[in-house]
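Colleague: Right, I'll just put the structure down here and ask away after.
The values are calculated or read from the model by the stated rules, or taken from the named source; none is laboratory data. Just so you know, these numbers come straight off a predicted model, no measurement behind them. No Cβ is skipped: glycine too gets one built from the backbone with ideal geometry, and neighbour counts run over all protein chains shown.
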Amino acid sequence: MIISNKELQINEQIRDSEVRLIDADGSQIGIVPLKKAADMASKANLDLVKIADKAKPPVCKIMDYGKYKFDMAKKEKESKKNQRTSSVKEVRISMNIDVNDLNTKVNHARRFAEDGDKIKVSMRLKGREMGHTDIGRSLMTKFAEMCGDFADLSKPVALEGKSLSMLLVPKSKPTNQSKKSSKKGSEEGKKEAEKVASKPEENV
């Protein structure tokens, strides 16, 4: 049964004459007087919680309400963390950027990728640079290669007005299964190498 995450009535707040009771272990007790349900909860040092007030009679469960609320808050926090939507961050480079600045821009892109964000890389072309878009494309391609260990090229370099741009996306993290497969392959390779090393040398 799905329990509403709204504030629930517990113990003395419940005023119904009888309830359909579920024990702490999940077993169905059935319809019992409210007093009996409250006494059972009290003897177990737990709370009587109304989990379905629209039912006739309402459904109550014996549980540790404090722990329940803590677990629900933890699940909600985890759910929001997993639902984080990625945004697009922009990294701007110029055609005459030096090596140190280029490396700094790569580090910025790395941070964005680690946060799960996409990276738009743009280069504003000024004056005569418009006649040398091939140089700009080459630099943009080099930048994408420098980001290759943490990001993939999603949208290739394209000229948009007076700017060159491309889109990088974070590399997908390897699953546990692929890690296991990789580890298994490594172990098998090690065993095979040990077998070869243990064979006596043959004269040819």
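Colleague: Which residues, taken from the range 42-62, are exposed (fewer than 14 other Cβ atoms within 10 Å of the Cβ) and closer than 18 Å to ASP25 by Cβ?
Modeller: Passing the criteria: SER42, LYS43, ASN45.
Residue-wise test of (1) in a strand (DSSP E or B); (2) over 24 Å from the mean Cα position of the chain (by Cα); (3) modelled with pLDDT under 95; (4) surrounded by 10 or more Cβ atoms within 10 Å (Cβ to Cβ).
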{"site": "GLY116", "(1), (2), (3), (4)": "no, no, yes, yes"}
{"site": "MET130", "(1), (2), (3), (4)": "no, yes, yes, yes"}
{"site": "PRO156", "(1), (2), (3), (4)": "yes, yes, yes, yes"}
{"site": "LEU159", "(1), (2), (3), (4)": "yes, yes, yes, yes"}
{"site": "SER172", "(1), (2), (3), (4)": "no, no, yes, no"}
{"site": "SER178", "(1), (2), (3), (4)": "no, no, yes, yes"}
{"site": "SER181", "(1), (2), (3), (4)": "no, no, yes, yes"}
{"site": "GLU188", "(1), (2), (3), (4)": "no, yes, yes, yes"}
{"site": "VAL204", "(1), (2), (3), (4)": "no, yes, yes, no"}
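Colleague: Criterion first (part of a loop (DSSP other than H, G, I, E, B) and modelled with pLDDT of 90 or more) does ASN96 satisfy it?
Modeller: The answer is yes for ASN96.
Colleague: Within the range 63-74, track down each residue that is among the aromatic types (Phe, Trp, Tyr) and closer than 15 Å to ASP25 by Cβ.
Modeller: If the condition is that a residue be among the aromatic types (Phe, Trp, Tyr) and closer than 15 Å to ASP25 by Cβ, then TYR68 is the only one that fits.
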